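Here the structure is laid out as structure tokens; the discussion comes afterwards.
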Amino acid sequence: MTDTLRLMCILAHPDDESLGVGGTLAKYASEGVETYLVTATRGERGRFGDAVEKPPLEIVGETRERELLAAAKVLGLRNVDFLDYIDGDLDQAKPSEAIARIVRHIRRVQPHVVITFAPDGAYGHIDHIAISQLTVSAIVCAADPEFQDGEHQDAHRVSKLYFMAWTKTKWAAYQDAFKDLKYNVDGVERRAEPWPDWEITTEVDTTAHWKTVWEAVNCHKTQLTIYGKLGKLAPEYHEGLWGSQQFYRVFSLVNGGRQRETDLFEGLR
């Protein structure tokens, strides 16, 4: 139906792209799909290797930006853009301003498919939740010709929106490989709640690209203290982590039904 397909991921931090959808990005880039990434922050409050005292936020952000750009090259991304928010502050951003920033990227790239975090932010991370809400709002606004994005771009209607989703089996593999994924907000501990298998609408086979994903993950050198267990895993465990990726189809203007998809671009080609 269309000659050049375009995929855009709108995420929160450097490394979300590799750990969350690296296999999907590598797969579609290898097939000639134009793949784009918009990242809200530079991960300024994330780990900085084994440093006892972290450098200033600016230094951490500059370092993690370089790591992300290196990973993007490995994954075959066409372009990476930042929304220029600070790690941990995204849910405090002025909504109208943040939405307009995302709209500008959507209208410029004109993606057919957009991927972002689900409303639970995977494990309750405030930035993940914020980017999910802002992205959904921006998709609506991008399609509205009355919405002013500050650059006078034409409206663009996204054809399909997906949330990243992890089943119980996949989450168990992640927890075993990384750490106990939890997040404390206002004194309340948040943990991941896996998606029921029946709720998964789309499963993409990325088996052929798991080595590429692992190479991209290794580009995020400041974060490798978190990923320490990964380097010791046998190849079959890596394949289990990165060999398939699940999604929830939020909406589609081009297809439907309850049969599980195997292609994010089903209905578009």
Practice problem: Being out of contact with any Cys (no Cβ under 9 Å at 6 or more places or on another chain), open to solvent by less than 50 Å² (accessible area, probe 1.4 Å) and among the charged types (D, E, K, R) is the filter here, so list the residues in region 111-150 that pass it. | Solution: D127
Self-check item: Residue list for region 94-110, restricted to those being at negative phi, touching a residue at least 40 places away in the same chain (Cβ under 8 Å), open to solvent by 20 Å² or more (accessible area, probe 1.4 Å) and in contact with a strand residue (DSSP E or B) (Cβ under 8 Å, 6 or more places away or on another chain)
Solution: H105
Practice problem: For region 178-192, name all the residues that are of a type outside the set (D, E), in a strand (DSSP E or B) and open to solvent by 60 Å² or more (accessible area, probe 1.4 Å). | Solution: K182, N184, V188, R190, R191
Quiz item: When residues of region 216-256 are filtered for being at pLDDT 95 or above and open to solvent by 60 Å² or more (accessible area, probe 1.4 Å), how many remain?
Solution: 3
Practice problem: Quick one: which residue in R64, R78 is touching an Asp or Glu at 6+ places or on another chain (Cβ under 9 Å), within 30 Å of D154 (Cβ to Cβ) and basic (K, R)? | Solution: R78
Quiz item: Counting only residues that are open to solvent by 70 Å² or more (accessible area, probe 1.4 Å) and without any contact (Cβ under 8 Å) to a residue 24 or more places away in the chain, how many does region 25-78 have?
Solution: 11
Quiz prompt | One residue from E62, E67, E53 being at pLDDT below 95 and either farther than 30 Å from E199 by Cβ or among the aromatic types (F, W, Y) (or both) | solution = E53
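For the condition in a strand (DSSP E or B) and either touching a residue at least 12 places away in the same chain (Cβ under 8 Å) or within 30 Å of V140 (Cβ to Cβ) (or both), what is the one hit in V254, V158, V204, V213?
V204
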Quiz item: Among the residues of region 152-177 satisfying the criterion of being modelled with pLDDT under 90 and over 18 Å from the mean Cα position of the chain (by Cα), which is most open to solvent (accessible area, probe 1.4 Å)?
Solution: K168
Quiz item: Among the residues of region 116-140, which ones are aromatic (F, W, Y) and over 18 Å from T167 (Cβ atoms)?
Solution: none
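The values are calculated or read from the model by the stated rules, or taken from the named source; none is laboratory data. Predicted model, so just to flag it, every value in this text is computed and none were measured. Neighbour counts run over all protein chains shown; Cβ positions are idealised from the backbone, glycine included. For accessibility, only protein heavy atoms count, side chains too; no ligands or nucleic acids. Shrake-Rupley method; radii C 1.70, N 1.55, O 1.52, S 1.80 Å.
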